[in-house]
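Asker: First, the structure itself, so that you have it in front of you.
The values are calculated or read from the model by the stated rules, or taken from the named source; none is laboratory data. Note that the structure is a prediction, hence the values are computed from the model and not measured. Backbone-built Cβ (ideal geometry, glycine too); neighbour counts: all protein chains shown. For accessibility, only protein heavy atoms count, side chains too; no ligands or nucleic acids. Shrake-Rupley method; radii C 1.70, N 1.55, O 1.52, S 1.80 Å.
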Amino acid sequence: MKNKFQFRKAGSLALVLTMILTLLASCGSKNTNSSAESKSSSSQSSEASATKVAAGEKTKLKVGIGNMFTPFCYLDDDDQPTGYDYDVMMAISEKLGDKYEFVVTPDDFSNLLIGLDTGKYDVAVHHFGYTAERAENYLYAKEADMYFGNFRIGFSKDRTDITDLASAAGKTIATTSGSMSESLLLKWNEENPDQAVKLQYIKDNTVVYQGITSGLYDAFVGSQYDLDTLSEQYDGFMKYSDYNVTTSDYDCGAYFVYSKGSDAMQQDIDAALVELREDGTLKALSETWLGADYTENPNA
Amino acid sequence: MLNLGYFLDSLKAAVSYIPQNLFMSLMTLLICCVLGTLAAMARVYQVPVIKPICDFLLALLKALPQNLVLLIVYLVFTITFSPIMAFLGVKANIQNVDMVYVAIAALSISSLAGVSEVIRAGLLSVGKGQYEAGYTVGLTAGQTFFHIILPQTIRAVIPPLTNSILSLVKATSLVSVIGVMDIMNGAIVAANTYYSYIEAYVAAALVFWVLGIIIEIASRKVEIHFSRSVKQLA
Amino acid sequence: MFSWERLWEYFPDIMAKFPVTLRIVLVAFGTGLLLGCLLAAIRIKKIPVLSQVVAVFLSYIRCTPVICQMFVIYFGTPVLLGAIGIDTSEIDSVVYVLVAYGLNMSGFIGETIRSSVLAVPVGQVEAGQACGLTGLQTLWQITAPQAFRIALPMLGTTFVSLFQATALAYMVGVVDMMGKAASLGNRTGHPLEGYIACAIVFAVISIVLEQVFMRISRHLDFDNKRMKKRVEKEVVKEVEVSCSI
């Protein structure tokens, strides 16, 4: 009887110990794995072996890139970042490969800009439009990597009652938290309190189709490009008017955003962007990914 | 490091949504209590057919992450609302349905199993002798349940249910995944202009913390109160 | 709109991310066990100052949603470490998730351990001392095995709820099962099927885990009925709280 009890006790203790040991082991292996992963994504661009040797002389350039914005920056089947913005960044990294070591990390949209604050990233890539509030805290690139067109108000193709924000007064408009369209709508509400629209927050654009067709949202504000792609994805359920949600002097460019003080990086990358635009790489990438050339400013 | 101004903005927004979170959690609790009691009764009294269904459903619901339930309920709701209303011949506009109720429905689904389990334990805690006593004085089964069993069950489940309120309040922080405003989402939206998310999350955590402490103190008081009355009766 | 075919296609992709989820669960639970023992010891021994600090920490862990805790760590740690000159840019997102869930677990597991140890009748410890065992021997040979058996069902519940709570990790950019489902939905424009596939995986694994833990605790269960009642009384209060991290 006593023996049996001892045996059981020893068994239960052994169980705990093995559990803890396994966990510790898995913890250790975990860390090595993740660093290997980030390295592989960083040196995907070019001379993988050379990067390691010369790493000491190169400046590390930490790129935070969106993971849920098809086709600009999203994850492929192997969870590696891909998309138009990513390929532009890779083309730049080839140009600047001697000076910088590019480390690309995919992350959720809402975590990108704050990653600049915390020093996690030097540059955030998520097809950022220009807003004065962002420009206060961050450094904008001077060169756009594409022009996404003016911001339009999109609505179900069966509707005729909405033409502009004034006609959408009191109506529900879907927007993503922290996005350009949110800031445009908030600005509208602030300036036109008697014609305010109702903001409905959505996590990402995948729910727009359901929301618009079911009537949950009256409208959706996005760049012309976004509206076109969204509508096309679901058999043209949405249309938009000529009304420009942004101001007419707005250049509707998509920019890389840097942390304040990263001026040197910004200038180097902008210079590379100009080269890419001139040698036709940007145009080619735009045609591959976006189906047309979006690299010229439509308002210029 | 932390910007006090941004922090206060977020804190103010977070505080203003406290009623919203409380409303959602209390409504959820109410729904779970009603449905949970029915499910618990079916299981305790071994109602044929219904018992295995309840067993299966509760086990399933308990096994799903709450944010996933929220997302699925939300998507299913938007997809099926109009067709169902058309089928029923009801003229209803989906916009008149406040998303808060969709959130409450989803939270109820994912909290049902836990609440039902508490009620089941409460029902089981009432001794067999109580039923026999009821029948002996000539009460019907229904009368015995409502006049004798239920009051004792309620007294037994109130202390553990006050604990559930804390879990429910915490669960309401997930409604932001379907865009419903709450303490956390309010703090974040206030931070969107300047991306002051650190301040926002600290503010939200602080509000939840204070709320949680108050709920804990209240539930401890309730517990003491009820254990005292049990003693007096005994 | 809804397509079974798509659901079927999503399955292998989502299942392939199970190791990522499992890693988070195991590491967080392991951290929780180790740290939890420490916290429980501090609380049981009522070590001055430390005990109070632990009480505040536990209150924070209990009262705030884990999603809040995760984001506070995710955004806050780089700022704090940056302030003392440590570069955090190399740290992978998943590390913050591990830290956040590990701390969360240490709170809940610590309380479980504490209540389990206290549920072992004083007579057992006295018996140990009467036999001439030292304090440590009593703890290791008498209190710990009994406490472990008392704690096991609750640890099982906590483990399962941790598993479910990891479905939030994708919000900081970790591609786990949930992250894969969201990413597939985003790429194809059909999110519902991905989430349902994910839900099926979560449901099956949760139910299996629950069964496993139930079997183990039934196997280790002791037959002393009086003891059992006492334990239930002590433990039932905590269960509700520990169920929801």
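Asker: With point charges of +1 on the Cβ of Lys and Arg and -1 on the Cβ of Asp and Glu, referenced to the Cα centre of segment A:166-300, which listed residue (A:Val207, A:Thr246, A:Leu282) lies farthest in the positive direction of the dipole?
Answerer: About the Cα centre, the residue reaching furthest to the positive side is A:Val207.
Asker: Assigning unit charges at the beta carbon (Lys, Arg +1; Asp, Glu -1) and nothing else, what dipole magnitude in debye, to the nearest 20, does the protein assembly as shown show about its Cα centre?
Answerer: 5760
Asker: Another question about this same structure. Rounded to the nearest 100 Å², what is the sum over both chains of accessible area buried where C meets A, with a probe of 1.4 Å? The partial results should precede the final answer.
Answerer: On the way: alone 13970 and 15760 Å², together 25940 Å².
Buried area between the two chains comes out at roughly 3800 Å².
Asker: Per-residue accessible area for C:Met214 at 1.4 Å probe radius, Å² rounded to 10?
Answerer: 90
Asker: Just grab the label-to-label distance for B:Lys51 and B:Ala141, each label 7 Å out from Cα along the Cβ direction, in nm (one decimal).
Answerer: Going from the B:Lys51 label point to the B:Ala141 one covers 1.2 nm.
Asker: Just name one of C:Ser93, C:Val25, C:Leu50: the one whose Cα is farthest towards the positive end of the charge dipole of chain C (beta-carbon charges, Lys/Arg +1, Asp/Glu -1).
Answerer: Farthest towards the positive pole: C:Leu50.
Asker: Please find the FRET efficiency linking B:Phe87 to A:Thr247, where r is the Cβ-Cβ separation and R0 is fixed at 41 Å, and quote it to the nearest 0.05.
Answerer: Details: r = 46 Å, r/R0 = 1.12.
Working from the Cβ atoms, E equals 0.35.
Asker: Put C:Ser183, A:Ser110 in order of accessible area, largest first, 1.4 Å probe: what do you get? List each step's numbers first, then the result.
Answerer: Values: C:Ser183 10, A:Ser110 35 Å².
The residues order as A:Ser110, C:Ser183, largest area first.
Asker: A follow-up question, please. Let me have the relative contact order for segment B:23-142, percent, based on Cα pairs under 8 Å that are six or more residues apart.
Answerer: Details: 94 pairs, mean separation 54.3, N = 120.
For segment B:23-142, the relative contact order is 45 percent.
Asker: Now a separate question. Mind checking A:77-85 for the average number of partner chain beta-carbons within 10 Å of each residue's beta-carbon? Before the final figure, lay out the partial values.
Answerer: Details: counts 6, 2, 8, 0, 0, 1, 0, 0, 0.
Average per residue, whole number: 2.
Asker: Right, another one. Summarise the partner chain shielding of C:31-38 as one whole number: the mean count of Cβ atoms from other chains within 10 Å of each residue's Cβ.
Answerer: Numbers: counts 4, 1, 4, 3, 0, 0, 2, 0.
Counting Cβ atoms of other protein chains within 10 Å of each residue's Cβ and averaging gives 2.
Asker: Here's something else I'd like to know. Does segment C:1-74 come out rounded, prolate or oblate, given a ≥ b ≥ c as the square roots of the eigenvalues of its C-alpha gyration tensor, rounded meaning a/c under 1.5 and, failing that, prolate meaning a/b above b/c?
Answerer: Numbers: a/c = 4.69, a/b = 2.65, b/c = 1.77.
Note, shape of segment C:1-74 comes out prolate.
Asker: In Å² (nearest 100), what accessible area is buried between B and C, both sides summed, heavy protein atoms only, 1.4 Å probe? Intermediate results must be reported in sequence, preceding the final value.
Answerer: Working: alone 13560 and 13970 Å², together 24200 Å².
Buried area between the two chains comes out at roughly 3300 Å².
Asker: For a quick check of understanding: with a 1.4 angstrom probe and all protein chains in place, what accessible area in square angstrom does C:Asp92 have, to the nearest ten?
Answerer: 50
Asker: Related question: Out of all DSSP beta bridges with both ends in the protein assembly as shown, state the antiparallel percent to the nearest 5. Let's see the in-between values first.
Answerer: Working: 20 of 38 bridges.
Just about 55 percent of them are antiparallel.
Asker: Only four residue types carry charge here, +1 at the Cβ of Lys and Arg and -1 at the Cβ of Asp and Glu. Report the dipole size of segment B:36-153 about the Cα centre in Debye, rounded to the nearest 20.
Answerer: Details: 6 positive and 4 negative charges, 22 e Å.
Computed charge dipole of segment B:36-153: roughly 100 debye.
Asker: Right, here's the next one. Decide, for segment B:1-110, between rounded, prolate and oblate: order the square roots of the alpha carbon gyration tensor eigenvalues as a ≥ b ≥ c, take rounded if a/c falls under 1.5, and otherwise choose prolate if a/b is larger than b/c, else oblate. Don't skip to the answer; put the middle values down first.
Answerer: Numbers: a/c = 2.53, a/b = 1.50, b/c = 1.69.
Oblate, because a/c is 1.5 or more while a/b does not exceed b/c.
Asker: Whenever you get a sec, line up A:Lys198, A:Lys60, B:Lys91 from highest to lowest accessible area (probe 1.4 Å, protein heavy atoms). Can you show the working numbers first?
Answerer: Details: A:Lys198 115, A:Lys60 80, B:Lys91 205 Å².
Highest to lowest solvent-accessible surface, that is B:Lys91, A:Lys198, A:Lys60.
Asker: For B:His147, tell me the accessible area in Å² from a 1.4 Å probe, rounded to the nearest 10.
Answerer: So the heavy atoms of B:His147 present about 130 Å² to solvent.
Asker: Mind checking the mean number of beta-carbon atoms from other chains within 10 Å of the Cβ atoms in C:172-179?
Answerer: Working: counts 4, 14, 3, 5, 0, 2, 4, 5.
Mean partner-chain Cβ count within 10 Å for C:172-179: 5.
Asker: A follow-up question, please. Kindly express, to the nearest 10 degrees and within the range 0 to 90, the angle between helix B:99-125's C-alpha long axis and the longest C-alpha principal axis of chain B.
Answerer: On a 0 to 90 degree scale, this one is about 30.
Asker: Put +1 on the Cβ of every Lys and Arg and -1 on every Asp and Glu Cβ in the protein assembly as shown; which of C:Gln137, A:Gly291, B:Ile53 then has its Cα farthest towards the positive end of the dipole?
Answerer: Selected residue: C:Gln137.
Asker: Next question, about the same structure. Exceeding 31 Å between C-alpha atoms, which entries from my cross-link table qualify? They are A:Lys62/A:Lys283; A:Lys187/A:Lys283; B:Lys221/C:Lys46; A:Lys95/A:Lys120; A:Lys120/A:Lys157.
Answerer: A:Lys187/A:Lys283; A:Lys120/A:Lys157
Asker: Using only the Cα atoms of chain C, build the gyration tensor, take square roots of its eigenvalues as a ≥ b ≥ c, and label the shape rounded, prolate or oblate: rounded if a/c is under 1.5, else prolate if a/b is larger than b/c, else oblate. Show your work: numbers first, answer last.
Answerer: Working: a/c = 2.92, a/b = 1.56, b/c = 1.88.
It comes out oblate by the Cα gyration axes.
Asker: How far apart, in nm, are the 7 Å Cα→Cβ label points at B:Ala59 and C:Ile207?
Answerer: That separation, rounded to one decimal, is 0.6 nm.
Asker: What number comes out for the charge environment of B:Thr37, summing +1 per Lys or Arg and -1 per Asp or Glu over other residues with Cβ under 13 Å away? Before the final figure, lay out each step's value.
Answerer: Details: positive: B:Arg43, B:Arg120; negative: B:Glu117.
In short, +1.
Asker: Still on this structure, I have one more. Keeping the other protein chains in place, figure out the carbon and sulfur percent of the accessible area of the protein assembly as shown, with a 1.4 Å probe. Spell out each step's value before the answer.
Answerer: On the way: 21450 of 34370 Å².
That fraction is 62 percent.
Asker: Sort C:Trp4, A:Trp289, A:Trp188 from largest to smallest accessible area, using a 1.4 Å probe on the heavy atoms of the protein chains.
Answerer: Details: C:Trp4 180, A:Trp289 70, A:Trp188 40 Å².
The residues order as C:Trp4, A:Trp289, A:Trp188, largest area first.
Asker: About the Cα centre of segment A:168-262, how large is the charge dipole given +1 on each Lys and Arg Cβ and -1 on each Asp and Glu Cβ? Please answer in debye to the nearest 20. The partial results should precede the final answer.
Answerer: Working: 6 positive and 13 negative charges, 62 e Å.
I would put it at about 300 debye.
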